[in-house]
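Colleague: Let me give you the structure first, and then I'll get to my questions.
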Amino acid sequence: QTGVNTWGPKLVGMFGLEPGAFARTQSGWESLIHPDDRAGALERVKEAIETGAPTEGEWRAIWPDGSVRWLAGRWQVFKDADGTPLRVTGVNLDITERKQAEERIRHHNTVLDAINRVFREALISETEEALGRRCVAVAEELTGSEIGFIGETNADGRLSVIAISDLGWEACRMEKPAGQKKLPVHFPIHGIYGRVILDGQGFFTNDPGSHADRVGTPEGHPLLTAFLGVPLR
């Protein structure tokens, strides 16, 4: 009823705070919850107040240094004889390691499923381009990207594109002979995508326009705001 929160020292530490740093208010607690989880956590609090039953929830806490930890809580609201909420008591656990392990397993299974899908496509695809398009689609699904391509280095040490995503074609405004969509071939290995091939390592940037390896894009090329490249051996 007073809006005052009293925490044990271990709970203060779970939020990355120094002893005595907690504001001891409900709004102070809310401000420490990840914005994407805040509405869900408050809905669970509301549910606990309405039912008076033990309630559980999970949310991410943002520490002062910007790191994120997962917490699980279990609490109960106690009411007087008239049903007026008096106080809430509860406990929290840091479940970050468990959540990270679950995410690693989920990611591992997702990648294995994608690989198996590519293998299945390899058995039924009649052309290299058809297989490439399917591989691009799987890669886009894994990464959440919208535009992708697969290229292959040839005997001359140059790059020929095997497949481009449909959205990549739609966004492309470069001139094409007779209006035909023709896959680019025989590109020199340079620029940002060349760095992936030369180093043999995956590469990501959210600012390709200012990267040291940038060589620019042709007129009509889709706007490049981020780049992720992965070498396939």
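The values are calculated or read from the model by the stated rules, or taken from the named source; none is laboratory data. Bear in mind that the values here come from a model prediction, so they are computed numbers and not experimental data. With ideal geometry, Cβ positions are generated from the backbone for all residues, glycine too; neighbour counts draw on all protein chains shown. We work out accessible area using only protein heavy atoms, side chains counted, and drop any ligands, DNA or RNA first. Shrake-Rupley method; radii C 1.70, N 1.55, O 1.52, S 1.80 Å.
Colleague: Could you check how many residues of the range 200-220 are part of a loop (DSSP other than H, G, I, E, B) and closer than 18 Å to GLU140 by Cβ?
Modeller: Restricting attention to the range 200-220, the residues satisfying the condition of being part of a loop (DSSP other than H, G, I, E, B) are 200-202, 206-207, 211-220.
In the following step, the residues that additionally are closer than 18 Å to GLU140 by Cβ were identified as 202, 206.
Going through the range 200-220 one residue at a time, the tally reaches 2.
Colleague: Condition check: free of Cβ contacts under 8 Å to residues at least 60 places away in the same chain and under 30 Å from LEU142 (Cβ atoms). Does THR96 satisfy that?
Modeller: Criteria met by THR96.
Colleague: A further question on this structure: For the range 27-44, give me each residue that is within 18 Å of LEU11 (Cβ to Cβ), under 20 Å from the mean Cα position of the chain (by Cα) and touching a residue at least 24 places away in the same chain (Cβ under 8 Å).
Modeller: ILE33, HIS34
Colleague: If only one of ARG87, ARG106 is exposed (fewer than 13 other Cβ atoms within 10 Å of the Cβ), under 18 Å from the mean Cα position of the chain (by Cα) and not polar (S, T, N, Q), which one is it? Quick ask: steps written out before the conclusion?
Modeller: Values: ARG87 fails: under 18 Å from the mean Cα position of the chain (by Cα).
That would be ARG106, the only listed residue that is exposed (fewer than 13 other Cβ atoms within 10 Å of the Cβ), under 18 Å from the mean Cα position of the chain (by Cα) and not polar (S, T, N, Q).
Colleague: Could you check the range 121-144 and list, in sequence order, the residues that are over 16 Å from LEU232 (Cβ atoms) and open to solvent by 50 Å² or more (accessible area, probe 1.4 Å)?
Modeller: LEU123, ILE124, GLU126, THR127, GLU141, GLY144
Colleague: Provide a single number: the residues in the range 1-26 that are loosely packed, with under 12 Cβ neighbours inside 10 Å and over 32 Å from the mean Cα position of the chain (by Cα).
Modeller: Count: 9.
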